[in-house]
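K.L.:
Handing you a structure now.
Since every read-out is calculated from the coordinates, none of them should be taken as a lab result. None of the values given here were measured: they were computed from a predicted structure. So basically every Cβ, Gly included, is an ideal-geometry build from the backbone, and we count neighbours across all protein chains shown.
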Amino acid sequence: MSAEDYAVTPHPQAATAEERAGLMAAPVFGEVFTDHVARATWTPDAGWSNRRIEPFADLSLHPGATVLHYGQQVFEGLKAYRWSDGSIRLFRPEANAARMAASAVRLSLPPVSEEDFLASIEALVRVDQEWVPDKGEASLYLRPLLIGTEPSLAVRPSRQVEYMLLACPVGSYFSGGVKPVSIWVAQGFHRAGAGGTGQAKTAGNYAASMQPQQQAQDHGCDQVLFLDARDDRYIEELGGMNVFAVRRDGSVWTPRITGTILEGVTRDSVIELLRASGREVVERDIALDELRAGIEDGSVVEAFACGTAAVVTPIARLVSPDFDVLVGDGGSGAVTSWLRETLTDIQYGRADDALGWMRRVL
Ligand SMILES: *Cc1c(COP(=O)(O)O)cnc(C)c1O
């Protein structure tokens, strides 16, 4: 499998250079799409076939398609970065490929092989290479997804599945510089329970996070923090980002992977960078009470959230009906800032890629 296996149908009315420049000047996250989409179709008989690059267009989908009724869907999110030498690179795409395959298994969808996943990205990025931004901390956000498309209301795994890869040029998540966020502790809501789909990147988890996210906003906070569903006591993650706490003794804590937390590629990279720099990273259960007490008595000096879209984001405040505490001085701490810089320096080729994370696509 390689990019050549994706048959290209060029867009008959692709954006002109001028139109593209206008669209890419200040794109709203996820609202500007490139000219093409990569697709492949799966059936039990043929397996994955009909790999193609098509003009970006509305879908034709049977109203009875499985995804519309039973939510049989998984997705991924990663970015392509343009280096100053003009080359285009991906950050640890093999990790996204592995996670998408694992998510697919959980949702009874046919996994896409790593080889095929990477080939689809290479094929699309080649065709839409002009859409990869070359300024500042902009990038091309890649959104692979799988959906069940069989026209049937029967509750069983779809016998027809579509793989699609969309791409969006995006600016820096924080256009006016990094802005620390305030976090609301979810009240009466949980993101995932044991044996559920918390470890899979699937649409339903996001649908279920919107009401608690609204609750956070109603309390003047930016993001919601979920506690575990069993004890309602241990911190898990935000709706779409993992969390860390930096302690005064230099160690860094993050919730351990339990099956209900989405294992972020950024989370894993942060852990590796910290360990490579000689810091102790502890993956453990972290009770909300313990975190709050640590923030109050100064043994926790920084907290941050991390994910592909916003990279590393300082957490300024932790809020619930019972308390409202400021982390450190409410700004970005030294470890948080260092991680953000180190990660983005690797991604944009400004620092040596000692851990071998970047993969050249063009
Ligand atoms: C995607 C996601 C993350 C972050 O994963 P990255 O691979 O770092 O982008 C964290 N939590 C949830 C729930 C997610 O969906």
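K.L.:
Quick check: from the Cα gyration tensor, does segment 233-303 come out rounded (a/c under 1.5), prolate or oblate?
P.N.:
Oblate is the answer for segment 233-303, as a/c is 1.5 or above yet b/c matches or exceeds a/b.
K.L.:
Nearest 0.05, what FRET efficiency do Q187 and V282 give at R0 = 25 Å with Cβ-Cβ as r?
P.N.:
0.35
K.L.:
Next question. Grab the Cα-Cα distance for S84 and F56, subtract it from 0.36 nm times how many residues apart they are, and report the gain in nm with one decimal.
P.N.:
This chain segment gains 7.3 nm when fully extended.
K.L.:
Here's another thing I want to ask about it. Where the centre of each part is set by its Cα atoms, how far does segment 158-225 sit from segment 20-84, in angstrom?
P.N.:
Between the Cα centre of segment 158-225 and that of segment 20-84, the gap is 19 Å.
K.L.:
Classify segment 3-170 from the C-alpha gyration tensor, please: rounded if a/c falls under 1.5, else prolate or oblate depending on whether a/b exceeds b/c.
P.N.:
The shape class here is prolate.
K.L.:
Related question: Taking the beta-carbon count within 10 Å as an exposure proxy, list K201, K179, K79, K135 from fewest neighbours to most.
P.N.:
Result, fewest neighbours first: K135, K179, K79, K201.
K.L.:
Estimate the FRET efficiency between E130 and S49 by the formula 1/(1 + (r/R0)^6), using the beta-carbon distance for r and 35 Å for R0, to the nearest 0.05.
P.N.:
For E130 and S49, the calculated efficiency is 0.75.
K.L.:
In the Gaussian network model of the chain, springs joining C-alpha atoms below 10 Å, which of G196, G330, G349 carries the largest mean-square fluctuation?
P.N.:
G196
K.L.:
Okay, moving on. As a test of the formula, what do you get for the chain when each DSSP H run with n ≥ 4 contributes -39,500 (n - 2.57) and the sum is divided by the residue count, at 222 nm and rounded to the nearest 500 deg cm²/dmol?
P.N.:
My calculation for the chain gives -8000 deg cm²/dmol from helical runs alone.
K.L.:
Can you tell me the FRET efficiency between S337 and A98 if r is taken as the Cβ-Cβ distance and R0 is 41 Å, rounded to the nearest 0.05?
P.N.:
0.85
K.L.:
Taking other Cβ within 10 Å of each residue's Cβ, how do F189, F91, F29 sort, fewest first?
P.N.:
So the residues, fewest neighbours to most, are F29, F189, F91.
K.L.:
Return I147, I257 ranked ascending by Cβ neighbour count within 10 Å, so the fewest neighbours appear first.
P.N.:
With the sparsest Cβ surroundings first, the list reads I257, I147.
K.L.:
In the chain, how does Rg compare with the Kirkwood Rh, expressed as the Rg/Rh ratio over alpha carbon atoms?
P.N.:
0.97
K.L.:
Can you tell me which lysines have their Cα less than 26 Å from the Cα of K135? Leave out same-chain residues fewer than eight positions away.
P.N.:
Answer for K135, where 26 Å is the Cα cut-off: K79, K179, listed by chain and number.
K.L.:
Compute the semi-axes of the equivalent ellipsoid of segment 181-347, taking the square root of 5 times each eigenvalue of the Cα gyration tensor, and list them largest first in whole Å.
P.N.:
So the three semi-axes of segment 181-347 are 23, 19, 15 Å.
K.L.:
Next question, about the same structure. Extension gain E296-D353, at 0.36 nm per residue separation less the Cα-Cα distance, in nm?
P.N.:
Difference between extended and current length: 16.8 nm.
K.L.:
Roughly what would the spin-label model give for D5 and E31, points 7 Å off Cα along C-beta, in nm?
P.N.:
3.8
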